[in-house]
Amino acid sequence: MAKNSPFRSVAWFTPEMETRVRERLGGIRALREGFEQQEFVLHYQPQWDLEQGLVTGVEALLRWPRADGSSVSPAEFIPLAEQSGLIVRMGLWVIEQACRQLVQLCEAGHEGVRISVNVSMLQFRNAGLVDSVRTLINEYRIAPGQLTLEITESVVMDEPKLVLTTLGSLSEMGVRISLDDFGMGFSSLAYLRQMPLHELKIDKSFVQDMDSPQGVAVIESIIQLTSRLQLDCIAEGVETDSQQAKLRQLGCHRAQGFLHAAAMPSDRLLAYLS
Ligand code: C2E
Ligand code: MG
Ligand code: MG
Ligand code: MG
């Protein structure tokens, strides 16, 4: 181990562990710099209402483009943003961008299109979330119902009381709340009932597991649950016509996935909608 290593005194810290920590710290530094340099962009993935044959919403997904035209996956940088706390500022930036995009959509005559934004746990722990959202909605004169916040089950289970209170305030404001990746976490159905939810998103792993009768049974139960709780239901990760047909047959009429389109930059979205 290097003589000036900050980890010198920790005997159990192996060189491999040190390398990993260095990489992580390097990653966090790069992330912070990238954010300061405004390297991040939001892309938008259409959400289709199959009954109406219309795009009724888009999900905002963060992208960190590399110089070569590829981009760093959110699966890589979101955990770093969470570990470093940067997600709070970054998440607020995402909500503001979404508000700007909503204004642009309205100006282009697409006032029926909503935007969904992913929100992570640290943003809920930060006391300012509700006020920040209220301020942005007022500043950009957004109809609150145009904005949907997507949370995951782990967010709710992490600190149920705090999250339920925050969700209550957001919901009172008129913002919609969606439970993302449903079925992947371990949320208790008791919380599901208490939460001011508007929508439930069926995780793509279930959509991709519809070949077996068991897989179909799981999806069918989720769809029935949403209908009994009077929630909107949307399936994510829909890649094939047969998946979509099956979902419709089971009563899920909203779909998001590569079958329709992957997430795209703002200018392409406007062209897509026209
Ligand atoms: P998510 O919220 O569940 O988003 C859906 C993910 O599925 C996206 O991955 C999307 O590109 C991908 N996807 C969409 N359609 C298909 C399909 O048909 N097949 C397959 N295989 N995948 C599909 P992406 O953009 O890589 O994002 C991954 C995750 O990163 C998101 O999962 C979300 O949890 C997180 N994330 C992305 N942007 C943000 C953000 O602004 N804030 C926070 N907190 N998290 C974000
Ligand atoms: Mg999502
Ligand atoms: Mg999801
Ligand atoms: Mg998912």
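The values are calculated or read from the model by the stated rules, or taken from the named source; none is laboratory data. Predicted model only: the values in this text are computed from it and were never measured. With ideal geometry, Cβ positions are generated from the backbone for all residues, glycine too; neighbour counts draw on all protein chains shown.
For region 41-51, the count of residues that are of a type outside the set (Gly, Ala, Ser), surrounded by 13 or more Cβ atoms within 10 Å (Cβ to Cβ), over 22 Å from residue 71 (Cα atoms) and modelled with pLDDT under 80 is zero. In the set 197, 179, 164, only one residue is over 16 Å from residue 254 (Cα atoms) and outside any loop (DSSP other than H, G, I, E, B); that residue is 164. When only residues in region 130-153 that are without any contact (Cβ under 8 Å) to a residue 40 or more places away in the chain and out of contact with any strand residue (DSSP E or B) (no Cβ under 9 Å at 6 or more places or on another chain) count, which is nearest to residue 235 (Cα to Cα)? Once the filter is applied, the top-ranked residue is 143. Run residue 133 past the list (1) within 16 Å of ligand 1 (Cβ to nearest atom); (2) aliphatic (A, V, I, L, M); (3) outside any helix (DSSP H, G or I) and report the number of the one that doesn't hold. It fails just one condition, (3).
Selection of region 215-274 for residues being of a type in the set (Lys, Arg), within 22 Å of the chain's Cα centre (by Cα) and away from ligand 3 (no atom under 16 Å from the Cβ) yields only 268. Kindly provide the set of residues from region 228-263 that are closer than 30 Å to residue 69 by Cα and within 16 Å of ligand 2 (Cβ to nearest atom), ordered by number. Within region 228-263, 235, 236, 237, 238, 255, 256, 257, 258, 260, 261, 262, 263 meet the criteria. Exactly one of (1) within 22 Å of residue 271 (Cβ to Cβ); (2) at pLDDT 95 or above; (3) away from ligand 4 (no atom under 16 Å from the Cβ) is unmet by residue 71. Its number? Residue 71 satisfies every listed condition except (2). Screening region 207-221 for residues that are within 14 Å of ligand 4 (Cβ to nearest atom) and touching an Asp or Glu at 6+ places or on another chain (Cβ under 9 Å) and picking the one that is farthest from residue 253 (Cα to Cα) gives 208.
Close contacts from region 247-274, counting a first residue that is without any contact (Cβ under 8 Å) to a residue 24 or more places away in the chain and a second that is part of a loop (DSSP other than H, G, I, E, B) and surrounded by 17 or more Cβ atoms within 10 Å (Cβ to Cβ), with Cβ to Cβ under 6 Å and a gap of 6+ residues or different chains, come to 259/238.
Can you tell me which residue within region 155-180, out of those that are within 14 Å of ligand 4 (Cβ to nearest atom) and in contact with a helix residue (DSSP H, G or I) (Cβ under 7 Å, 6 or more places away or on another chain), is farthest from residue 61 (Cα to Cα)?
Looking at residues that are within 14 Å of ligand 4 (Cβ to nearest atom) and in contact with a helix residue (DSSP H, G or I) (Cβ under 7 Å, 6 or more places away or on another chain), I get 155.
Taken over region 204-229, the criterion of being of a type outside the set (A, V, I, L, M) and either in contact with a Pro (Cβ under 6 Å, 6 or more places away or on another chain) or buried (at least 20 other Cβ atoms within 10 Å of the Cβ) (or both) is satisfied by 206, 226. Just one of the listed residues (267, 209) is of a type in the set (D, E, K, R) and part of a loop (DSSP other than H, G, I, E, B), and it is 209.
Looking at region 171-182, which of its residues are over 20 Å from residue 235 (Cα atoms) and crowded, with 22+ Cβ neighbours inside 10 Å?
The answer is 175, and nothing else.
In region 102-127, the qualifying residues are those that are part of a helix (DSSP H, G or I) and touching a helix residue (DSSP H, G or I) at 6+ places or on another chain (Cβ under 6 Å), and the one that is surrounded by the most Cβ atoms within 10 Å (Cβ to Cβ) is 123.
Restricted to region 73-89, and to residues there that are farther than 14 Å from residue 40 by Cα and small (Gly, Ala, Ser), the residue that is surrounded by the fewest Cβ atoms within 10 Å (Cβ to Cβ) is 75.
Scanning region 192-203 for residues that are closer than 18 Å to residue 119 by Cα, away from ligand 3 (no atom under 11 Å from the Cβ) and either of a type in the set (Val, Ile, Thr) or surrounded by fewer than 17 Cβ atoms within 10 Å (Cβ to Cβ) (or both) turns up just one, 196.
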